[in-house]
1. How big is the dipole moment of the stretch 69-164 about its Cα centre under a simple scheme where the beta carbon of each Lys and Arg is +1, that of each Asp and Glu is -1, and everything else is neutral? Debye, nearest 20, please.
2. Which Rg and Dmax, in Å, describe the Cα atoms of the stretch 149-270?
3. Calculate what fraction, in whole %, of the accessible area of the stretch 129-270 sits on carbon and sulfur atoms when a 1.4 Å probe is rolled over the protein chains.
4. Rounding to the nearest 20 debye, state how big the charge dipole of the chain is about its Cα centre with +1 on each Lys and Arg Cβ and -1 on each Asp and Glu Cβ.
5. Only four residue types carry charge here, +1 at the Cβ of Lys and Arg and -1 at the Cβ of Asp and Glu. Report the dipole size of the stretch 1-133 about the Cα centre in Debye, rounded to the nearest 20.
6. Roughly speaking, what is the centre-to-centre gap between the stretch 146-161 and the stretch 29-46 when only Cα atoms are used, to the nearest Å?
7. How do M1, M64 stack up against each other in accessible area, from largest to smallest, with a 1.4 angstrom probe?
8. Nearest 500 deg cm²/dmol is fine: what mean residue ellipticity at 222 nm does the chain get from its DSSP H runs of n ≥ 4 alone, each adding -39,500 (n - 2.57), divided by its residue count?
Amino acid sequence: MRRLGFYVLVIIVVLYCLGPSFWQLITSLKPEVELTRLPPILPHDPTSVNYISIFTGHPFLRIMANSFIVATSTTILSVVVGSLAAFALAKLNVKGKGLILAFVLSASMFPPIATVSPLYIIIGALKLRDTLFALIITYTTFSLPLTIWVLTSFFRDIPHEIYLASRVDGCTPFQSFYKIILPLSTPGLFATAILVFIFSWNEFLFALTFTSTIDSRTIPVGIALFPGLHEIPWGEIAAASIVVTMPIIILAFAFQRRIIEGLTAGAIKG
């Protein structure tokens, strides 16, 4: 009886988590006449017209390319800069480590809406409005606190004796960093990179504020601008949501083992 209750609970949790994705998939396959009717829940005549329409009626490939460039660049910058900072905080003799980490954590707590106005002025002064670089530096700024905080925890879990042994063998601190510490922290680096990529891929507020043309528009803003003056293309919006979710799903499955290792590292002590 307890086993049956467990499986029922698992099914409820899975349906709760995947329900919105299933609903979007069903909506994306419905013809227009069935979009606003319920029943039927499942489409009588599934169609791919919504998927074709997002690529033929909108510059969807261009905004996907923009999002990929922004998310990838932000992830690389955040991991490179954040890992160097985390290594210094975890392994080197830096005064006020606790204070620095507290400052880093507090910086991540500012609500984005409170910073969007001053950032808009700064980016305008730097003549970076409507550029991908404006989004990259903004996203990197906001993802660095998470990167530093997470990687510092991973680096601290590596026995300090390993770092000292590399120093005795003649490695400089930087050589110890990229030859010893980084290979041992691969799961943590993958987990952090995936989190930063997802944040950059889905961010909406700054992308809406700092961009105005298709040259720099990203996916969330592009989908938000699908509705016309007199209609909301629910089928196209659902199809676009399914398409833009696929890269995240592929990344999660491709690096599943590394992500689980990274998220569970340090959870078991013994």
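The values are calculated or read from the model by the stated rules, or taken from the named source; none is laboratory data. Being a predicted model, the structure only gives us computed values, none of them experimental. Don't worry about glycine lacking a Cβ; one is built from the backbone with ideal geometry, like all the others, and counts go over all protein chains shown. Protein only, heavy atoms only, side chains kept; ligands, DNA and RNA dropped before computing areas. Shrake-Rupley method; radii C 1.70, N 1.55, O 1.52, S 1.80 Å.
1. 200 debye
2. Cα only, the stretch 149-270: 21.0, 72 Å (Rg, Dmax).
3. On the stretch 129-270, the fraction of accessible area on carbon and sulfur atoms equals 68 percent.
4. 900 debye
5. Computed about the Cα centre, the dipole is about 660 debye.
6. So the separation of the two Cα centres works out to 51 Å.
7. Correct descending sequence by accessible area is M1, M64.
8. -23000 deg cm²/dmol
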